[in-house]
Amino acid sequence: MKNQPIISIKNLSKIYKTDVLETVALDNISFEVQKGEFVAIMGPSGSGKSTLMHIIGALDKPTVGTYILDGENVENLTDDELADIRNRKIGFIFQSYNLLPRITTVKNVMLPMSYAGVSRQEREATAIKYLKLVGLGDRLKHTTNQISGGQQQRVAIARALTMHPSILLADEPTGNIASAQAEEIMAIFQKINDEGNTVVMITHEPDIAQHAKRIIVIRDGKIVTDSSDHKQKVIKDQKI
Amino acid sequence: MKLIEVILESFTTLTLNKTRTALSVLGIVIGIGSVIALMSLGQATQQSIQNQIQSLGSNLLTIQPGSSQSSGGVRSAQGSRTTLTLEDAKAIAASTDITTINKVSPEYSSRTQIITSQSNSNTSVIGVTPDYADVHKVSISDGVFVTQSDVDSLKKVAIIGPTVVTNLFPDGSNPIGQTIKIKNQNLTVIGVTVAKGGSGFNNQDDIVYVPLTTAQKQLFGVSYLSSIALEAKSTDQMTEAQNEVGYFLLARHKITDASKADFSIMSQQDMVNTLNSVTGTFTTLLAGVAAISLIVGGIGIMNIMLVTVTERTREIGLRKALGAKKKNITTQFLIESVILTFTGGILGIVFGILTSFIIAKATSSLFVVSLNSVLLAFIVSAAIGILFGWYPAKKAANLQPIEALRYE
C-alpha cells in the first residue's frame, strides 16, 4: 500500500450524448499519478483535456471506467458527496482565477475551509499563512479587484492549498497572465511540488508544460505520449 | 459555516447593490405598511364606536316597534310602526312581574327644523320623561332637565345640546330663557346638556329634548312612541331583563307566537356586537386589499433573486467546485431573500404605525396598534422571503458546477 497512486484511472471513457449525436470526449484512457509528481496534461483545444480535468476534479463523472482518487472511488457518488470530495481532496486553480469580487484576499482564501466547518479563527490564521507563502503577505486587506492578474492567481493558489488537498489541479493557470508573471506562478508550483505536493496542470502551451516533471499529451480523447524524458525547466532564485 | 456568518456575508452581498436592494425592499415596506396601517385604522374605528356606545350606558335595553326578524313580505323601516305606546311604558314600570328593570324611559324622536331669531338648524328632537337623563346618562351643565310637572302640563320648554347651542346661537349669547321655534310652536330653553362627544349619525350633542307629551301632542301630533329605553338593575341581568320585558309585552299585545312580535328589544351589547361585526368585516376587507400589495412585493423579491442567481452563476459554480453542498447554496440565497423581506417588514411596521398615527392625529380619532398585527407582519414578511426565495435558491443549488463555471 506504500505506493498507492493518488490518481488511478482505468479504461475511462466519457461520451456526450445528444438526441442525434454521440461525441466521444475521452476514449479508453488509463494512467496513474503517484504522490509527489508534477504532471502537465497537454493537448490542443478539443483534445479532451478539459473533460479529463473535470473528471480528475470530481466535477463530472465518467461514462465508463473507474477513477480512484487517493483511495476513494469517485463513481456512484451523489452531487453532495462529490462536493465533499472536491472540498477535501482537490485544490482548484482556474484560468480565470475565479475569486469572489469585492471581498478581501483573506476572505477568498478562507472560502473552502468554511465549507469544511473549520472555525473562523483557524480559517483566518490558515489563510494568512498561505497568503504569506505565495508572497502576498502585504495584500491581506486588499480586495480582489485591487490586485494584478498574477497576484490574483497567487491568491487562488493560496486558496487551493488551505485544505491540504491530495492534488493541486490547475486548469491553464497561466492562460490569462503575462509571461513574466507566468514564470512566478510556475516557480510557486515547483516550490509546492518540492515540498511533496502532487500537482496536475492542464495547459496547451508547450513552454509552460516544460516546467513539469512529466508530460502527458492527449489528442482526440486518447493519450498520445506520456513521458518524463524532457529536461524540466527549473526556475531558480525567484523571489516570491 | 455558522448561520450567523452566512447572515453577515449576505448583508455584505446585499449592500454591494444598494439601489436594487432598496427598491426590492420597498415593495415589502409598502405591503406590510399598508396592512398595519389599515388594520390599526379598522381597530381604532371599532374601538371608538364601542366607547361611544358604552358611554350611553352599558345596562341599557331599547324596545323598538317593528319585528326584529323579517317574516316575509316587505319589512318597513324600524320605528315607522306605531305599536308602542306610553301605556306600554307605564305598564312595564308598574308591573310587579318585572323585577330586573330599574327605570323606564319612553321616547319619541323625530328630526325637524329648529328656528331662532338668529339662525336655524335641522336637529333631532326627542320627547322625554325625567327618567331619560338617568337612563341615558345625560347631565345638565346649565339650567334644569325636563321634570314630571313639565310632562304632566305639556309645558313648552326645551333642553338643548352644546352643538345646538353653537348652531342656533352663534353670537354666544346665553341660550337659557330664549325662545326657539319648532313646528311653529315657541319653546323656552331651560337647560343645556354637558358635551358627550360623538360625531356624524350619532352625535349626542346635537339633540333638543322636550317633554314627551309636548312632543307627541303639541309638536308632532302622534300618540305612539318611537322607542322605550330601559335601565336594567345590573349588567349581569341583561338577558333576564330582555326576556321578562319581552314576554310581558307579548302578553300585553296579545301575541302568542314570539316570532311575530310587533316590537324588538336590543341591548347595548347587541348593538356593540352588530357594529363590531360590521367594522370587523370592513377591516378584514381592507387588510385583504393590502395583502395583495404584499404578494406583489413578494413577486418583486422573487424576480430580483432570480436575476441575482443568474448574475452570480459563476460564483455559485465556484462555491460548488470548492465544496459547497446544495444545502449551503440554498441557505445562502434563502437567507438573502429573508433578509430583504424581513428588513422590509421592520421598515413596513414603522411606516404603517407612523401612517396610522398621522391619520389618527389628523382626524383626531383613536390611535390603536395591536401587538397581534405587528407580530403577524413579522411572521408574514419572513414567510414571504422563504416562499418567494425558495424557487430561486433551489435553482441556484441545482446548477451543475461545470456549466456554472463556464457561464460568461
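The values are calculated or read from the model by the stated rules, or taken from the named source; none is laboratory data. Model, not experiment: these values are computed from the prediction. Cβ coordinates were reconstructed from backbone atoms using ideal geometry, including for glycine residues, and neighbour counts include every protein chain displayed.
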Next on the checklist: Looking only at the stretch A:56-80, how many residues end up being touching a strand residue (DSSP E or B) at 6+ places or on another chain (Cβ under 8 Å), of a type in the set (Val, Ile, Thr) and within 18 Å of B:Gly323 (Cβ to Cβ)?
Outcome noted: 2
Checklist entry - Take the residues of the stretch B:170-182 that are surrounded by fewer than 20 Cβ atoms within 10 Å (Cβ to Cβ) and in contact (Cβ under 8 Å) with a residue 40 or more places away in the chain: which is farthest from B:Pro106 (Cα to Cα)? => result B:Asp171
Checklist entry - Within the stretch A:107-129, can you find the residues that are in a loop (DSSP other than H, G, I, E, B) and within 20 Å of the chain's Cα centre (by Cα)? => result A:Ala116
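For every residue, the table says whether it meets (1) closer than 30 Å to B:Ile36 by Cβ; (2) among the small types (Gly, Ala, Ser).
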position	(1), (2)
B:Glu244	no, no
B:Leu250	no, no
B:Ala261	no, yes
B:Ser264	no, yes
B:Gly288	yes, yes
B:Val296	yes, no
Checklist entry - Can we say A:Ala212 is assigned to a loop (DSSP other than H, G, I, E, B) and more than 11 Å from A:Ile93 (Cβ to Cβ)? => result yes
Item to check | From A:Asp70, A:Asp79, A:Asp27, residue being within 14 Å of chain B (Cβ to nearest Cβ) and of a type in the set (D, E, K, R) | outcome: A:Asp79
Checklist entry - Can you find even one residue in the stretch A:35-52 that is closer than 21 Å to A:Leu168 by Cα, within 11 Å of another protein chain (Cβ to nearest Cβ) and within 19 Å of the chain's Cα centre (by Cα)? => result yes
Checklist entry - So how many residues does the stretch B:91-125 have that are exposed (fewer than 14 other Cβ atoms within 10 Å of the Cβ), within 16 Å of B:Lys233 (Cα to Cα), touching a residue at least 12 places away in the same chain (Cβ under 8 Å) and among the polar types (S, T, N, Q)? => result 1
Checklist entry - What is the one condition in (1) over 28 Å from A:Glu81 (Cβ atoms); (2) more than 14 Å from chain A (Cβ to nearest Cβ) that B:Thr310 does not satisfy? => result (1)
Checklist entry - Quick check: anything in the stretch A:9-19 in contact (Cβ under 8 Å) with a residue 24 or more places away in the chain and within 19 Å of the chain's Cα centre (by Cα)? => result yes
Next on the checklist: Being without any contact (Cβ under 8 Å) to a residue 60 or more places away in the chain, small (Gly, Ala, Ser) and not in a loop (DSSP other than H, G, I, E, B) is the filter here; which residues of the stretch A:31-79 pass it?
Outcome noted: A:Gly65
Next on the checklist: Looking at the stretch B:374-390, can you tell me whether even one residue there is within 11 Å of chain A (Cβ to nearest Cβ) and within 30 Å of A:His54 (Cβ to Cβ)?
Outcome noted: no
Checklist entry - With (1) over 23 Å from A:Gln190 (Cα atoms); (2) under 18 Å from the mean Cα position of the chain (by Cα); (3) assigned to a loop (DSSP other than H, G, I, E, B); (4) at the interface with chain B (Cβ under 9 Å from one of its Cβ atoms) as the list, and A:Arg102 as the residue in question, which single condition is left unmet? => result (2)
Checklist entry - Among the residues of the stretch B:148-158, is there at least one that is part of a strand (DSSP E or B) and of a type outside the set (Gly, Ala, Ser)? => result yes
Checklist entry - If you take the residues of the stretch A:112-142 that are touching a Gly at 6+ places or on another chain (Cβ under 7 Å) and in contact (Cβ under 8 Å) with a residue 40 or more places away in the chain, which of them is farthest from the other protein chains (Cβ to nearest Cβ)? => result A:Ala116
Checklist entry - Of everything in the stretch B:323-352 that's closer than 23 Å to B:Pro401 by Cα and small (Gly, Ala, Ser), which residue is farthest from the other protein chains (Cβ to nearest Cβ)? => result B:Ser337
Next on the checklist: Tell me yes or no: at least one residue of the stretch B:398-407 is of a type in the set (D, E, K, R) and more than 14 Å from chain A (Cβ to nearest Cβ).
Outcome noted: no
Item to check | Scope the stretch B:1-31; condition over 35 Å from the mean Cα position of the chain (by Cα), more than 14 Å from every other protein chain (Cβ to nearest Cβ), closer than 27 Å to B:Ser373 by Cα and touching a residue at least 40 places away in the same chain (Cβ under 8 Å); matching residues | outcome: B:Thr21
Next on the checklist: Of the conditions (1) within 14 Å of chain A (Cβ to nearest Cβ); (2) under 19 Å from B:Gly389 (Cα atoms), B:Lys320 satisfies every one except a single condition; which number is it?
Outcome noted: (2)
Item to check | Matching residues, the stretch A:82-99, being within 9 Å of another protein chain (Cβ to nearest Cβ) and assigned to a strand (DSSP E or B) | outcome: A:Ile90, A:Phe92
Item to check | Enumerated strands (runs of 3 or more DSSP E) restricted to the stretch B:169-269, each holding at least 2 residues that are modelled with pLDDT of 90 or more and under 22 Å from B:Ile126 (Cα atoms) | outcome: B:179-182, B:185-193, B:207-211, B:227-232
Item to check | Looking only at the stretch B:375-408, and only at residues there that are crowded, with 20+ Cβ neighbours inside 10 Å, among the small types (Gly, Ala, Ser) and closer than 13 Å to B:Phe342 by Cβ, the one that is nearest to the chain's Cα centre (by Cα) | outcome: B:Ala377
Checklist entry - Which one is nearest to the chain's Cα centre (by Cα) among residues in the stretch B:130-165 that are among the β-branched types (Val, Ile, Thr) and within 24 Å of B:Asn184 (Cβ to Cβ)? => result B:Thr163
